[in-house]
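Data first, discussion second: the structure below is written as C-alpha cells.
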Amino acid sequence: MQSVLNTVKGTALNVAEYLTPVLKESKFRETGVLTPEEFVAAGDHLVHHCPTWQWAAGDETKTKPYLPKDKQFLITRNVPCYRRCKQMEYVGEETLVEEESGDGGWVETHQLNDDGTTQLEDKICELTMEETKEEMHTPDSDKPAPGAGAEADDEDDDEAIDMDDFEESGMLELVDPAVATTTRKPEAEAKASPVAAASSDAEASGDSVLHTRTYDLHISYDKYYQTPRLWVVGYDEQRKPLTVEQMYEDVSQDHAKKTVTMESHPHLPGPNMASVHPCRHADIMKKIIQTVEEGGGQLGVHLYLIIFLKFVQTVIPTIEYDFTQNFNMS
C-alpha cells in the first residue's frame, strides 16, 4: 500500500516539477533553497575538494535545459557498505531531531547523560586480560594467593634449558616459524556463520579479500523543491544489482519506504532507484544557516553539498561515502 501511495505522489510531483518555473533569484539564506547556478557552483566545489565525485551528463533525451549539458548531476561509484543497518548497535533510544518532523523526520542516536557520558560507559567494569591465561578477572583477583609466592620462586630456581642440547635433540626443526602452515576448517564450522561461509568461499576462489556491497551515489537538482536530491543504487559482491528489499537493508528503518522511496531517475533511463526524498532538505539547511549566523559565522552557498552529504548520512548510515571536509557549526 505504501509503495502505491509513493508512486502516486511521485507522478504528481513530476507534473508539479514540470509546471514549476526555474528559480532565478537566490533565496539560500532566507529559505535554504538553491538556484540551478548555485547548485552547479556547489557541485564544482565538491568535485574540486573530493575527486571521487564527478559531474555526469546522463541521457541526452533527459537533459535539463536549466543545467549545463555536461553538469546534469554528480556521481561517485563503488562506495563500500560493510554492514547492514540492523547490525549497527545504537546506544540509547532514538529521538526525533525535530518534534514536528512527522514520518519524514530525521533521527538522532547515541543519547548522552547529563554529565556527558553514555549509559553504556556507566556500566563498564574494569576488566583486564591476563596474558598467560585465557580468562578475564578484576583487579582484586591480581592479589597473590597464599603459597603462590613460594611456588613462583621454585619455578624461577629451575635450571634453564641449554639451547645447544635443545638444538641437538631436533626439537627446533619440528616447527619452523618462517613457514606458514594452513589447515582447512571443517565444512560444518564454515557454515556456522555467514562471515565464516563468505571467508571459506573467498579462500576456495583463491581470493583472501572479504567482498562487500558497493553503491553508486548520484546527486541531482530537484526543480520543484529547489534542493539537491540523493539517489543510490547498490550491487552485491559480483557487481550484480541489489533487489529493492536488499537496498532497504542498508537504509535506516525509520526512513525506509518513507523518506527513502524507489523512483525514476531524472537523468537516466532504466529501473527505479532508491532516493532520499528532498521535502525536508531546505528546512534543515535553513536551520543550519541560522545556527551558524547566531554563532557569528557565515555560511557560503558553495558549502551546500558538503553539509548536505553530512546530514543525509542519518538515512544511509552504513554507506561509507566521503564527507570531503570537516564543518564547524560555531
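Assorted remarks:
- As a rough guide to protection, the peptides 291-301, 23-33 ranked by mean Cβ packing within 10 Å, highest first, stand as 23-33, 291-301.
- Sorted on the mean count of surrounding Cβ atoms within 10 Å across their residues, most packed first, peptides 49-56, 254-261 read 254-261, 49-56.
- Cβ-Cβ FRET estimate between Cys279 and Lys240, R0 fixed at 30 Å, reported to 0.05: 0.40
- Residue-wise HN-Hα couplings along segment 28-36, as the Karplus relation 6.51 cos²θ - 1.76 cosθ + 1.60 with θ = phi - 60° gives them from phi, are 4, 6, 6, 10, x, 9, 10, 7, x Hz; Gly and Pro carry x.
- Given their separation in residues at 0.36 nm each and the Cα-Cα distance between them, Arg83 and Lys257 gain 60.7 nm when the chain is fully extended.
- ³J(HN,Hα) computed for each position of segment 310-318 - Karplus, 6.51 cos²θ - 1.76 cosθ + 1.60, integer Hz, glycine/proline x: 6, 7, 7, 5, 5, 7, 10, x, 9
- Amide H partners (placed H, <5 Å) of His265, local residues excluded: Met273
- Amide H contacts of Val233 (H built 1.01 Å from N, under 5 Å, at least 5 apart or other chain): Asp216
Read-outs throughout are calculated quantities, based only on the coordinates presented, and are distinct from any laboratory measurement. Keep in mind that what you see is a predicted model, and the values were worked out from it rather than measured. All Cβ positions, glycine included, derive from the backbone under ideal geometry; neighbour counts span all protein chains shown.
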